[in-house]
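First up is the structure itself, then whatever we jot down about it.
The values are calculated or read from the model by the stated rules, or taken from the named source; none is laboratory data. Predicted model only: the values in this text are computed from it and were never measured. Here the Cβ positions follow ideal geometry from the backbone for every residue, glycine too, while neighbour counts run over all protein chains shown.
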Amino acid sequence: MSQAVVSVNAGMLLPVLAPAVGAAVVLVVDVAFQRLRRAHYVIALVSLVVGAVATLAGLGMVAGGARQTLCLPGGGQCMYAADSVASALQLAALLAAAVTLLLSWPDDKKQSRGGTAVIVSLVLAATAGATAVAGARDVGSWLVALELATLPTVALVALRGASSAISGAVDLLTTSLVSFGLLALAAGLWFTATGSAFLNPAAALMVIHDPTRRPILVLAVVVVVAGIGFKLSLVPFHAWTPEAYDGAPLPIAAFLAGVSKIAALAALLVVIRAVAPLGAPPLTAIAIVSAVSMTLGNVMALRQDGVVRLLAWSTVAQAGWVVLPLATVSSAAVRASGAYLLAYVLATILAFAVVAALVQTRGAARARNLTGYRGLLRDHPFLASALALALLSLAGLPPGILGVVAKVVALRPVVASELWLLAVVAAVNAVLGVAVYLRWLRAVLASPDSEAKASARQVPDGGASVAALSVRVHPATLVAVGFSAIALVVTSLSPQLILGLFGS
């Protein structure tokens, strides 16, 4: 006989409920008032802000502290828990989704009737899944929430309608199905080994000294790493990433690089924290995929001339850095991984926002190619400065101090655990990463080519660059660039703001 849930705290569930309710409201409003398409964005942004505010109570909690709800009677087992790590990831997902909506706002007039509501509701639904998986503590909720965070993105990629978008969506769908199969297998292995549907250390401790069930649990963790590796774009599960990023609209590519990666890491951290009592053996797989991901991602990024594909391969490389600390049995590993992810998301979202702005000022063909960024510093100093900060942060170079601190924080558990080979691989890839991003930055700082000069001569004199920027870039895009840039500047000046979110 199933147990009834006796504890429900709606306020604690607001980070999940707010975007989910917002998605439903957007669809209802679209049916009742079809001409109010811009209202969909307002409703969505309000729901995301409400969810973000609700995460504040869980930020900075001491290690081991957590707010729980959806608890069962008797044993105190709860299906939802919000500690500092979960709350920080939820906040990041909600804010990244808000920036995505701001970037998609300029396309409002181009959408067919009802198209805007579909896009906004899918973004909100995927965001609700991302926030839910961060707090999920039972296998069923964890698996359903992770798929809710994934499946809407397939439709978002395909909605563009172009052949490249359909190809990217098919790749993403195939990946999602394989990932779901692996994760369902991992859930079965977990239950077989522990006899518990809850993802917590107590379940793992039950089998830690059992020679027959412990290998099954170790296998479950390895399969989880493989299943989530698809979603995190870890090698060898990364093949969908360049196609999906390049085929998707820019705001959706930013969503894949931001919210989707937050959801994937949140899901992985739930399992990693649950199996901490097992020690190092299950984490060997993470060390391998981390080293291979950052190496292949950087090498391939160096070969790209298209900025979206460069950012896609950058995601593969940065995913290796994100999971790097998790290769160690360290209490600081989870916080280090989460902090690195937030630093990556901030810088990458800002880079995508600048690219979106340049699409409006220079056209998609030029803005998607590295050579199209020549003369950007002269023509649009604000956009050039924002992009430079994002690239330097990803490279881990001053003045992108947040990126420097994030790499140090990610490496610290590896060095403390004396995993010297992994530390050397990471150090080599830190140098490769510098080459990747400085290649783009060099184009930004270079003098404009003849084609760019010809285009510039067509713009009237007298403050032409400022006027063109203010007129031709949609205000919502400028807000997205400004918000992301300010967030990156503030966290670079005070990196402890990011570390403090995780109770570090």
**Asked** If you go through the stretch 26-48, how many residues are part of a helix (DSSP H, G or I) and more than 25 Å from the chain's Cα centre (by Cα)?
**Response** 9
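Name the residue, out of SER492, SER455, SER484, SER504, that is modelled with pLDDT under 50 and polar (S, T, N, Q).
On the way: SER492 fails: modelled with pLDDT under 50; SER484 fails: modelled with pLDDT under 50; SER504 fails: modelled with pLDDT under 50.
Exactly one of SER492, SER455, SER484, SER504 is modelled with pLDDT under 50 and polar (S, T, N, Q), namely SER455.
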**Request:** Filter the stretch 294-325 for residues that are within 15 Å of GLY396 (Cβ to Cβ), among the polar types (S, T, N, Q) and under 16 Å from the mean Cα position of the chain (by Cα) and give the result.
**Result:** SER314, GLN318
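Do we have PHE230 as closer than 23 Å to ALA312 by Cα, assigned to a loop (DSSP other than H, G, I, E, B) and either more than 24 Å from the chain's Cα centre (by Cα) or in contact (Cβ under 8 Å) with a residue 40 or more places away in the chain (or both) here? Break it down into steps so the answer makes sense when it comes.
Numbers: closer than 23 Å to ALA312 by Cα: yes; assigned to a loop (DSSP other than H, G, I, E, B): no; either more than 24 Å from the chain's Cα centre (by Cα) or in contact (Cβ under 8 Å) with a residue 40 or more places away in the chain (or both): yes.
No; evaluated as a whole, the condition is false for this residue.
Let me confirm something: among LEU232, LEU265, LEU256, which residue is surrounded by 24 or more Cβ atoms within 10 Å (Cβ to Cβ), under 26 Å from VAL154 (Cβ atoms) and either in contact with a Leu (Cβ under 6 Å, 6 or more places away or on another chain) or of a type in the set (Lys, Arg) (or both)?
Details: LEU232 fails: either in contact with a Leu (Cβ under 6 Å, 6 or more places away or on another chain) or of a type in the set (Lys, Arg) (or both); LEU256 fails: either in contact with a Leu (Cβ under 6 Å, 6 or more places away or on another chain) or of a type in the set (Lys, Arg) (or both).
Every option except LEU265 fails the conditions.
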**Request:** Consider ALA244 carefully, then state whether it is farther than 19 Å from LEU411 by Cα and crowded, with 24+ Cβ neighbours inside 10 Å.
**Result:** yes
**Message:** So ILE43 ticks every box in (1) more than 26 Å from ARG273 (Cα to Cα); (2) of a type in the set (A, V, I, L, M, F, W, C); (3) surrounded by fewer than 17 Cβ atoms within 10 Å (Cβ to Cβ) but one. Which box is left unticked?
**Reply:** (3)
**Complete:** Scanning the stretch 159-217 for residues that are of a type in the set (Asp, Glu) and more than 25 Å from LEU148 (Cβ to Cβ) gives ASP210
**Message:** Within the stretch 368-379, does at least one residue satisfy the condition of being touching a helix residue (DSSP H, G or I) at 6+ places or on another chain (Cβ under 7 Å), at positive phi, surrounded by 21 or more Cβ atoms within 10 Å (Cβ to Cβ) and in contact (Cβ under 8 Å) with a residue 40 or more places away in the chain?
**Reply:** yes
**Asked** Quick check: anything in the stretch 185-195 more than 25 Å from PRO249 (Cα to Cα), modelled with pLDDT under 85 and part of a loop (DSSP other than H, G, I, E, B)?
**Response** yes
**Message:** So VAL21 passes all but one of these: (1) buried (at least 19 other Cβ atoms within 10 Å of the Cβ); (2) of a type in the set (A, V, I, L, M); (3) at pLDDT 90 or above. Which condition number does it fail?
**Reply:** (1)
**Request:** Go over the candidates GLN34, GLN77, GLN111 one by one and state the one that is in contact with a strand residue (DSSP E or B) (Cβ under 7 Å, 6 or more places away or on another chain) and either modelled with pLDDT of 90 or more or on the phi < 0 side of the Ramachandran plot (or both).
**Result:** GLN77
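If I go through the stretch 386-422 residue by residue, how many of them are assigned to a helix (DSSP H, G or I), among the small types (Gly, Ala, Ser) and crowded, with 16+ Cβ neighbours inside 10 Å? Working first, answer last.
Keep residues of the stretch 386-422 that are assigned to a helix (DSSP H, G or I), which gives 386-395, 401-416, 420-422.
Checking which are among the small types (Gly, Ala, Ser) leaves us with 386, 388, 390, 393, 395, 403, 406, 410, 416.
In the following step, the residues that additionally are crowded, with 16+ Cβ neighbours inside 10 Å were identified as 386, 388, 390, 393, 395, 403, 406, 410.
The qualifying residues number 8.
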**Message:** Please determine whether any residue of the stretch 334-354 is touching a Gly at 6+ places or on another chain (Cβ under 6 Å) and outside any helix (DSSP H, G or I).
**Reply:** no
**Request:** Restricting attention to the stretch 408-436, report how many residues are within 20 Å of the chain's Cα centre (by Cα) and closer than 12 Å to GLY320 by Cβ.
**Result:** 2
